[in-house]
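**Q** Shown below is the structure under consideration.
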Amino acid sequence: MKRALPLALVAIVAGCGGPPAAKSDPAGSFRFENKAIELPADRLTLAPGAANELIAQNCTGCHSAEMLTTQPSLDAKTWAAEIAKMRKVYHAPIDPADEARLVAALSALPGQPGARAIP
(Lines give C-alpha, C1' and ligand atoms only; values in the text may rest on other atoms or scores of the structure.)
Protein backbone atom coordinates (compact mmCIF):
# COMPACT_ATOMS: atom_id res chain seq x y z
CA MET A 1 0.00 0.00 0.00
CA LYS A 2 2.96 2.32 0.50
CA ARG A 3 3.57 2.30 -3.26
CA ALA A 4 -0.04 3.18 -4.17
CA LEU A 5 0.20 6.86 -3.31
CA PRO A 6 3.38 7.57 -5.26
CA LEU A 7 2.10 5.63 -8.29
CA ALA A 8 -1.22 7.47 -8.14
CA LEU A 9 0.60 10.77 -7.86
CA VAL A 10 2.78 9.88 -10.84
CA ALA A 11 -0.32 8.98 -12.86
CA ILE A 12 -2.01 12.28 -11.98
CA VAL A 13 1.07 14.35 -12.77
CA ALA A 14 1.69 12.42 -16.01
CA GLY A 15 -1.89 13.06 -17.08
CA CYS A 16 -1.43 16.80 -16.61
CA GLY A 17 1.53 17.10 -18.94
CA GLY A 18 4.21 16.66 -16.30
CA PRO A 19 5.05 18.28 -13.01
CA PRO A 20 5.04 22.03 -12.58
CA ALA A 21 8.35 23.75 -13.20
CA ALA A 22 10.55 23.57 -10.09
CA LYS A 23 12.74 26.51 -9.12
CA SER A 24 15.70 26.41 -6.73
CA ASP A 25 16.04 28.99 -4.05
CA PRO A 26 19.18 29.97 -2.15
CA ALA A 27 18.35 27.67 0.78
CA GLY A 28 18.76 24.66 -1.51
CA SER A 29 15.07 23.73 -1.47
CA PHE A 30 12.70 24.11 -4.38
CA ARG A 31 9.23 25.44 -5.02
CA PHE A 32 6.62 24.63 -7.63
CA GLU A 33 5.11 27.16 -9.99
CA ASN A 34 1.73 26.81 -11.64
CA LYS A 35 1.43 26.47 -15.39
CA ALA A 36 -1.69 27.34 -17.35
CA ILE A 37 -3.04 24.87 -19.86
CA GLU A 38 -5.68 25.45 -22.50
CA LEU A 39 -8.26 22.72 -22.96
CA PRO A 40 -10.04 22.28 -26.28
CA ALA A 41 -13.58 23.60 -26.49
CA ASP A 42 -16.43 21.10 -26.63
CA ARG A 43 -17.43 20.52 -30.23
CA LEU A 44 -20.96 19.47 -29.37
CA THR A 45 -23.47 20.56 -26.79
CA LEU A 46 -26.81 19.13 -25.73
CA ALA A 47 -29.93 20.88 -27.00
CA PRO A 48 -31.88 22.94 -24.46
CA GLY A 49 -34.64 21.10 -22.64
CA ALA A 50 -35.52 19.51 -19.32
CA ALA A 51 -34.25 16.04 -20.30
CA ASN A 52 -30.88 17.36 -21.44
CA GLU A 53 -30.62 19.53 -18.32
CA LEU A 54 -30.98 16.34 -16.28
CA ILE A 55 -28.21 14.71 -18.35
CA ALA A 56 -26.04 17.81 -17.95
CA GLN A 57 -26.53 17.81 -14.17
CA ASN A 58 -25.76 14.13 -13.75
CA CYS A 59 -23.42 13.14 -16.58
CA THR A 60 -21.45 15.98 -18.14
CA GLY A 61 -19.28 16.56 -15.10
CA CYS A 62 -17.31 13.54 -16.34
CA HIS A 63 -18.59 12.85 -19.86
CA SER A 64 -18.68 15.20 -22.85
CA ALA A 65 -21.88 15.68 -24.84
CA GLU A 66 -20.06 14.14 -27.80
CA MET A 67 -19.24 11.01 -25.79
CA LEU A 68 -22.84 10.70 -24.62
CA THR A 69 -24.33 11.10 -28.10
CA THR A 70 -21.99 8.57 -29.71
CA GLN A 71 -22.83 5.64 -27.43
CA PRO A 72 -24.00 2.42 -29.04
CA SER A 73 -27.73 1.87 -29.04
CA LEU A 74 -28.67 0.80 -25.49
CA ASP A 75 -32.04 -0.25 -24.15
CA ALA A 76 -33.52 1.23 -20.96
CA LYS A 77 -32.40 -1.74 -18.84
CA THR A 78 -28.78 -1.28 -19.96
CA TRP A 79 -28.90 2.49 -19.33
CA ALA A 80 -30.23 1.77 -15.82
CA ALA A 81 -27.32 -0.63 -15.24
CA GLU A 82 -24.87 2.05 -16.47
CA ILE A 83 -26.36 4.59 -14.08
CA ALA A 84 -26.14 2.10 -11.21
CA LYS A 85 -22.49 1.45 -12.10
CA MET A 86 -21.69 5.18 -12.18
CA ARG A 87 -23.30 5.59 -8.76
CA LYS A 88 -21.73 2.52 -7.14
CA VAL A 89 -18.28 2.28 -8.74
CA TYR A 90 -17.52 5.94 -9.46
CA HIS A 91 -19.65 7.47 -6.66
CA ALA A 92 -21.59 9.68 -9.07
CA PRO A 93 -24.01 11.80 -7.02
CA ILE A 94 -27.09 10.71 -8.99
CA ASP A 95 -30.30 11.02 -7.00
CA PRO A 96 -32.14 7.67 -7.16
CA ALA A 97 -35.38 9.66 -7.52
CA ASP A 98 -34.07 10.97 -10.88
CA GLU A 99 -33.08 7.56 -12.24
CA ALA A 100 -36.22 6.78 -14.28
CA ARG A 101 -36.20 10.24 -15.89
CA LEU A 102 -32.45 9.97 -16.53
CA VAL A 103 -32.88 6.57 -18.21
CA ALA A 104 -35.61 8.08 -20.40
CA ALA A 105 -33.43 11.09 -21.24
CA LEU A 106 -30.41 8.96 -22.15
CA SER A 107 -32.62 6.63 -24.19
CA ALA A 108 -33.88 9.65 -26.13
CA LEU A 109 -30.44 10.86 -27.22
CA PRO A 110 -29.73 10.73 -30.97
CA GLY A 111 -28.92 7.21 -32.11
CA GLN A 112 -30.72 5.57 -29.19
CA PRO A 113 -33.79 3.35 -29.68
CA GLY A 114 -36.02 5.81 -27.79
CA ALA A 115 -34.77 8.90 -29.66
CA ARG A 116 -37.73 11.24 -29.44
CA ALA A 117 -38.67 14.45 -27.66
CA ILE A 118 -39.18 14.10 -23.92
CA PRO A 119 -41.43 16.63 -22.15
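The values are calculated or read from the model by the stated rules, or taken from the named source; none is laboratory data. Remember, predicted model here, so these are calculated numbers, not experimental data. Protein only, heavy atoms only, side chains kept; ligands, DNA and RNA dropped before computing areas. Shrake-Rupley method; radii C 1.70, N 1.55, O 1.52, S 1.80 Å.
**Q** With the full set of protein chains in place, find how many percent of the accessible area of segment 51-119 is carbon and sulfur; take the probe as 1.4 Å.
**A** Result for segment 51-119: 59 percent of the exposed heavy-atom area is carbon or sulfur.
**Q** Please calculate how many Å² of accessible area segment 26-78 carries per residue, with a 1.4 Å probe and no DNA, RNA or ligand atoms counted.
**A** Computed with neighbouring chains in place, this is 81 Å² per residue.
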